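The values are calculated or read from the model by the stated rules, or taken from the named source; none is laboratory data. The model shown is predicted, which means the values in this text are computed figures rather than measured ones. Positions of Cβ are backbone-derived with ideal geometry, glycine not excepted, and every protein chain shown enters the neighbour counts.
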Amino acid sequence: MDSNGIQAATISSESQERFHLPVMSKEVVDHLDLPEDAVVVDATIGLGGHSEQLLREYPSISKLIGMDVDHAATSLAKGRLSASGEKVEIVNRNFIHIKNIVNSMGIDYVDGIVADLGISSFQLERSGKGFSFKKKEFLDMRMDAGLQFSAYDLVNDMKVEELEYIIKEYGEEKFARKIAKSIVKSRAKKPIQTSLDLASIISNSIPKKFHPKKTHPATKTFQALRISINNELDNLAIFIKEAVKILNTGARLAIISFHSLEDRIVKNMFRKLDSPCICPSDLPVCACGKVQQATRIARSVVKPRKSEVLANPRARSAKMRVIEGI
């Protein structure tokens, strides 16, 4: 039994699949284009959906390294991928440590890396960490249980201005000020303890006529809190820098993002890695001395097929970008 009270052995592979449909798995398989005897890293292994697909489509993979900060998810992934035996090694660590983890295994370079930045259906519906605005769960939202501050701490301790900044900056929520004020007003009466309580406060803060048609009105605020608590954007930038360092020549890094802030970071960093010079265009001679580190495979973003979006609506906002080591 893991720390969240979820017993991995009792959850069947069919149940796992129901809670985790790997987004754009065909596109990941096609774009990684792995060689024979490849060493590949699934940097956000989750329940192992992408890893399972890669092992199925590339049976000659010599080693698959899986990483994730969520202990419950990695426990389930181990069970799901157990048939592949020793070729699969799963580590309960944040993907910012990818280079150190890979090097510690005696491996200098890898032949492919995939990272799916989305929160899984399992985390939303079964983790008990308060990610879902439809369930009455304690406001935690920490992917890594070792992190110091939870959503409860942020919601109940931060000043109006601090909450407004997080909700506006990371959630791109135009009612950020109104929501922040409502949170502070509500907690003055009693602490906000559950995800359902917080979702209700947020919903009541936004005029009904501005409630989104396809998503819950609390979606952006919950996203913002999760990003802030888990330091997701800074960690993404660190991960990309570290991942590129261990790419073999011709090896590819594929990253799937789900909102504009993530995609912007991936897009801008990939562009810089693909550029041999970052000097101003009006400078006659290069003064930066920058060397091109990788090549973008798909200049335009790769999006899920319409059939996938129909089968899995959560895939609708997914975007994949791919870069290749040189």
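Conditions tested, residue by residue: (1) buried (at least 17 other Cβ atoms within 10 Å of the Cβ); (2) touching a helix residue (DSSP H, G or I) at 6+ places or on another chain (Cβ under 6 Å); (3) aromatic (Phe, Trp, Tyr); (4) within 26 Å of Ile96 (Cβ to Cβ).
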| residue | (1), (2), (3), (4) |
| --- | --- |
| Ile206 | yes, no, no, no |
| His216 | no, no, no, no |
| Lys220 | yes, yes, no, yes |
| Glu242 | yes, yes, no, yes |
| Ala254 | yes, yes, no, yes |
| His259 | yes, no, no, yes |
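Selection within the range 261-279: residues that are without any contact (Cβ under 8 Å) to a residue 24 or more places away in the chain and hydrophobic (A, V, I, L, M, F, W, C). The member of this set that is surrounded by the fewest Cβ atoms within 10 Å (Cβ to Cβ) is Ile278.
Condition check for Asp282 on (1) surrounded by fewer than 16 Cβ atoms within 10 Å (Cβ to Cβ); (2) closer than 28 Å to Val110 by Cα; (3) charged (D, E, K, R); (4) over 21 Å from the mean Cα position of the chain (by Cα): one failure, at (2).
Has the range 257-273 got any residue that is closer than 29 Å to Ser120 by Cβ, in the same structural domain as Leu34 (by TED's automatic domain parsing) and among the small types (Gly, Ala, Ser)? Yes: the range 257-273 contains one or more residues that are closer than 29 Å to Ser120 by Cβ, in the same structural domain as Leu34 (by TED's automatic domain parsing) and among the small types (Gly, Ala, Ser). Of the helices (runs of 4 or more DSSP H) contained entirely in the range 125-244, those carrying at least 2 residues that are out of contact with any Lys or Arg (no Cβ under 9 Å at 6 or more places or on another chain) and closer than 17 Å to His259 by Cβ fall at 160-171, 219-230. For the range 104-113, the criterion of a residue being among the polar types (S, T, N, Q), in contact with a Lys or Arg (Cβ under 9 Å, 6 or more places away or on another chain) and either surrounded by fewer than 19 Cβ atoms within 10 Å (Cβ to Cβ) or modelled with pLDDT under 85 (or both) is satisfied by no position.
Inside the range 245-275, residues that are assigned to a strand (DSSP E or B) and farther than 21 Å from Pro304 by Cα make up a count of 5.
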